[in-house]
Amino acid sequence: MSGTGTTTDQNPTPIRVFGGPTALFAYGGLRFLTDPTFDTPRDYQVPGGQLTKTAPASASPAGLGRVDVVLLSHDEHPDNLDESGRAVLADVPLTLTTPGGGQRLGERARGLADWESITLDRPGGGTVTVTGVPALHGPGAREEVEPVTGQVIGFVLTGEDLPTVYVSGDNASLDLVQEIADRFGPVDTALLFAGAPRFPDLFDGALIVLDSTQAADAARILGARRVVPVHYDSWAHFTEGRDELVAAFTAAGLLDRLDLGQRD
């Protein structure tokens, strides 16, 4: 395992991080891909402005191997699902996402409400449970945020004799992290979306996903043994990157839990 931290016996599986929010990991014999973004650098026109991808993914879809499930925090923003990512979904048996995304993305997609679970068969027997958990893509109350940035979801993976894995999605709320920790903590591995994205004309420039200090706070709240950050590079609207994450986890005394993932 490459990265800043070390892998515990409960977390032997490397997580491949490709840039942006996209990562691949094996769990219970199944292979999970988060928020697929494989387009080359370009500008995207979105309501109210523009998103700019600044670096390519470190692998192509052809190099992923088998993918059994996509865990998609939301489908409405190109920095979480781009054109190449949509093509990936067509070849994956199951995409788990928001209720709205489940309706938009076709028959291979299933939307999960907050705290709703789905059971997946493991190769060779047994099951994996994926639970949709709440996420909020901005500051304040849900009724104020979702009409602007849309519905977002995170995921918790559990199974008999398996570690607990949390995938945050584009979440900016530590209160929601606390709710998830109350139900599932301590967490063995947390894939935390970070990067401190913000826009001057959106929510008065407030954070719409965790910054580095909040990611360290989330690790503490979750009791996470390993934290793999994603969603902190390759896009112009991310205001914090690797250095800020390392500094924040160092200041919090949690550097030994930080794992920057395996990069191709």
Assigning unit charges at the beta carbon (Lys, Arg +1; Asp, Glu -1) and nothing else, what dipole magnitude in debye, to the nearest 20, does the chain show about its Cα centre?
640 debye
Looking at the chain, what % of its DSSP beta bridges pair antiparallel, to the nearest 5?
60 percent
Per the charge dipole of the chain (beta-carbon charges, Lys/Arg positive, Asp/Glu negative, Cα centre), the residue among VAL46, ILE153, GLY19 reaching farthest to the positive end is GLY19
Diffing the stretch 157-171: the Karplus 3J(HN,Hα) column from phi (6.51, -1.76, 1.60, θ = phi - 60°), in whole Hz with x for Gly and Pro, holds 10, 9, x, 4, 6, 10, x, 8, 10, 10, 10, 6, x, 7, 10
Would you work out the relative contact order for the stretch 16-257, in percent, from Cα pairs under 8 angstrom that are 6 or more residues apart?
16 percent
With 10 angstrom as the radius, rank THR149, THR189, THR97 by how many other C-beta atoms surround their C-beta, starting from the fewest.
THR149, THR189, THR97
HN-Hα couplings for the stretch 24-40 via Karplus (6.51, -1.76, 1.60; θ = phi - 60°), in whole Hz with x for Gly/Pro, come out as 10, 8, 9, 8, x, x, 9, 10, 10, 10, 9, 4, x, 9, 10, 5, 6
What ³J(HN,Hα) values, in whole Hz, does the Karplus curve 6.51 cos²θ - 1.76 cosθ + 1.60 give for the stretch 98-110 when θ = phi - 60°, with x put for Gly and Pro?
6, x, x, x, x, 7, 7, 9, x, 5, 7, 9, 10
Test of understanding: what is the full-extension gain from GLN45 to GLU146, defined as 0.36 nm times their sequence separation minus their Cα-Cα distance?
34.4 nm
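Values in this text are rule-based calculations from the coordinates and carry no lab data. Bear in mind the structure is a predicted one, so any value in this text is a computation, not a measurement. Glycine also receives a Cβ, built like all others from the backbone with ideal geometry; neighbour counts cover every protein chain displayed.
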